[in-house]
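Before any comments, here is the structure.
The values are calculated or read from the model by the stated rules, or taken from the named source; none is laboratory data. Just so we're clear, the structure is a prediction, and the values are computed from it rather than from any experiment. Here Cβ is always computed from backbone atoms with ideal geometry, including for glycine, and neighbour counts include all displayed protein chains.
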Amino acid sequence: MKTVKKVTLAIVIFILLITGASCIVVTNENEYSLIRQFGRIDRVVSKAGISFKLPFIQSVDTLPRQILLYDLSSSDVITSDKKTMICDSYILWHIVDPTKFAQTLNGSVTAAEGRLDAIVYNSTKNIISSTTQDDVISGRNGGLSQAILNNIGTALDQYGIEILSFETKKLDLPSDNKAAVYERMISERDNIAATYTAEGSSEAQIIRNTTDMEVTVMLSEAEKEAEILIAEGEAEYMRILAEAYNDESKQEFYSLVRSLDALKLSMQGGNKTVILSPDSPIAQIFYGK
């Protein structure tokens, strides 16, 4: 009888231990614990630690709470100017509503990646198909990624997931037409540079012409002022001479000086002979008249 009691006690203790263990729920730092009752979600435990559930009635499922990486397959996309490009990208995402995630995707990360693949690819295709090839290439510094995320919008809210980042590992041209496209882009940039150079030369010529015209006007004004000053000076000179030789004695002296100046000028050069008529003012000087 003692042996039966011991065995029975051991069985009871064992059952109690199993029951107690089934009541404990351990939630790790990087996961959600979904407490289900008869298959339906009763509550979600998002804080790390120990919680409890009803034994045998409630069950526990776990979902990842960390940031997940999904590498999308490389695919061909066509730009608005009908050029083919190769897009190879990846996304960082996480679960923000574990209840929606479990209800819509059965708590499957694989099913979530399938939805992400379709939605992100469609958004990428739509954005690139409305953008020229040149703009796609120039938008690889972040503008294209943001446009794709904006195009996705709230499409993933129904699944309880959120994309944190979309990055392109490769967004390039197919090897067979890469060289031709780069040559065309270089040619277009050369044409733009030539246009800027021509516009700059035209503007410089306009500035030079304006400056030359202003200099010409200024020189003309200066010459005009100089002529006026010369004329005023000569008039003043003549007035002074007129005042100086106003009486007869001075007039005779002035006539003598002017006659000598005229004689001096006439004897310049190799010919030193001067023929004068007796009644010329110069001859009369020598006659003492």
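Determine, yes or no, whether residue 125 is basic (Lys, Arg) and at pLDDT 90 or above. Yes, satisfied.
Applying the condition of being out of contact with any strand residue (DSSP E or B) (no Cβ under 8 Å at 6 or more places or on another chain) and surrounded by 14 or more Cβ atoms within 10 Å (Cβ to Cβ) to region 138-147 and asking which residue is farthest from residue 34 (Cα to Cα) yields 139.
Yes/no per residue for (1) modelled with pLDDT under 90; (2) surrounded by 10 or more Cβ atoms within 10 Å (Cβ to Cβ):
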site	(1), (2)
161	no, yes
176	yes, no
181	yes, yes
206	no, yes
213	no, yes
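For residue 119, the conditions (1) part of a strand (DSSP E or B); (2) surrounded by 15 or more Cβ atoms within 10 Å (Cβ to Cβ) all hold with the exception of (1).
With a requirement of 2 or more residues that are touching a residue at least 24 places away in the same chain (Cβ under 8 Å) and surrounded by 14 or more Cβ atoms within 10 Å (Cβ to Cβ), the strands (runs of 3 or more DSSP E) lying completely within region 23-110 that satisfy it span 24-27, 31-37, 40-45, 58-64, 68-71, 75-78, 84-95.
Total residues in region 116-148 satisfying the condition of being more than 21 Å from the chain's Cα centre (by Cα) and not β-branched (Val, Ile, Thr): the figure is 9.
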